[in-house]
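Visitor: Shown below is the structure under consideration.
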Amino acid sequence: RNFWIVAVIAMCTFYGILAMSGHTYLFFRREGYSEALAASAVSILFFGGLIGKIASGYLAESFGRKRVLLIGLCMMLAGISSMVGAMLTASPVLVWGGLVLFGFGWGGIYTLIQVLAADLFGMLALGKILGAINILDTFGGAMGPVVTGIMVDRTDGYLQPFIVITVLLLIATLAAMLLDMSKGVYQEFDPDTA
């Protein structure tokens, strides 16, 4: 069960991550931002991802992997929801804040998927298990930019594609809540017993 949960999390998040990384510049240009600001938006997304990767590793050791995974997923979900809200209200605060949240969350998820696989399944068949998960997340990731592009062409905007990303991140968050860390080789950090 944990394998399929991690696979669903990976597929859904990588769809959103690659859709956003491939379309952030185009989205900002379509929303009327200058080329320089659109390029800055891409930099903010990737800088947030970098900081998220570094911070999530440290935080996962201190507060528990599942807790940090859920925080990262909630940040991504809040970020894309904020960007959907920005399209409905034309709020620059929501669009830039959403981009920052999405970037930080993305970095954390990217790191934790690998760590979770090792924690849940051990080292004996880790290469095979990660290989299978990577095939599935590659499938989700490959669909992200392509399906987003097709939807933008058909709907003449990013609202529907961003709603799809929102739904997928909601599915990933709900799936993460179902992870059973007691079945793994790593025991979660419990601040009450530490």
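The values are calculated or read from the model by the stated rules, or taken from the named source; none is laboratory data. Owing to the predicted nature of the structure, the values given are computational and were not obtained by experimental measurement. Cβ coordinates were reconstructed from backbone atoms using ideal geometry, including for glycine residues, and neighbour counts include every protein chain displayed. Ligands, DNA and RNA are stripped out before the accessible areas are found, and what is left, the full protein with its side chains, is counted by its heavy atoms. Shrake-Rupley method; radii C 1.70, N 1.55, O 1.52, S 1.80 Å.
Visitor: In debye to the nearest 20, how big a dipole does the chain give about its Cα centre with +1 on each Lys and Arg Cβ and -1 on each Asp and Glu Cβ?
Guide: Taking the Cα centre of the chain as origin, the dipole is about 200 debye.
Visitor: Quick one, could you list the DSSP H helices from the chain stretching 30 Å or more along their long axis (Cα atoms) with average Kyte-Doolittle hydropathy of 1.0 or above?
Guide: Long hydrophobic helices here: 2-30, 35-63, 65-89, 92-121.
Visitor: If packing is taken as the mean number of other Cβ atoms within 10 Å per residue, what is the order of 69-75, 8-14, highest first?
Guide: 8-14, 69-75
Visitor: In whole percent, and with a 1.4 Å probe on the protein chains, what portion of the accessible area of the stretch 1-147 is carbon and sulfur?
Guide: Using a 1.4 Å probe with all protein chains present, the stretch 1-147 comes out at 74 percent carbon and sulfur.
Visitor: While we're looking at this one, here's another question. With charges set only on the Cβ (+1 for Lys and Arg, -1 for Asp and Glu), what does the dipole of the stretch 14-99 come to about its Cα centre, in debye to the nearest 20?
Guide: 260 debye
Visitor: Find which of Ser81, Leu136, Leu50 sits farthest along the positive direction of the dipole of the stretch 1-154, computed with +1 on the beta-carbon of Lys and Arg, -1 on that of Asp and Glu, about the Cα centre.
Guide: Leu136
Visitor: Over the chain, what is the mean sequence separation of C-alpha contacts under 8 Å (at least six apart), divided by residue count, expressed as relative contact order in percent?
Guide: Here the relative contact order equals 38 percent.
Visitor: Pull out a ≥ b ≥ c, the square roots of the eigenvalues of the alpha-carbon gyration tensor of the stretch 3-71, then state rounded if a/c is under 1.5, prolate if not and a/b is larger than b/c, and oblate in the remaining case.
Guide: oblate
Visitor: A further question follows. Seen from all sides and averaged, what is the projected area of the convex hull of the Cα atoms in the chain, in nm²?
Guide: Taking the Cα atoms of the chain, their convex hull projects to 10.9 nm² on average.
Visitor: Per residue, how much accessible area does the chain show when a 1.4 Å probe rolls over the protein heavy atoms, in square angstrom?
Guide: Per-residue value: 48 Å².
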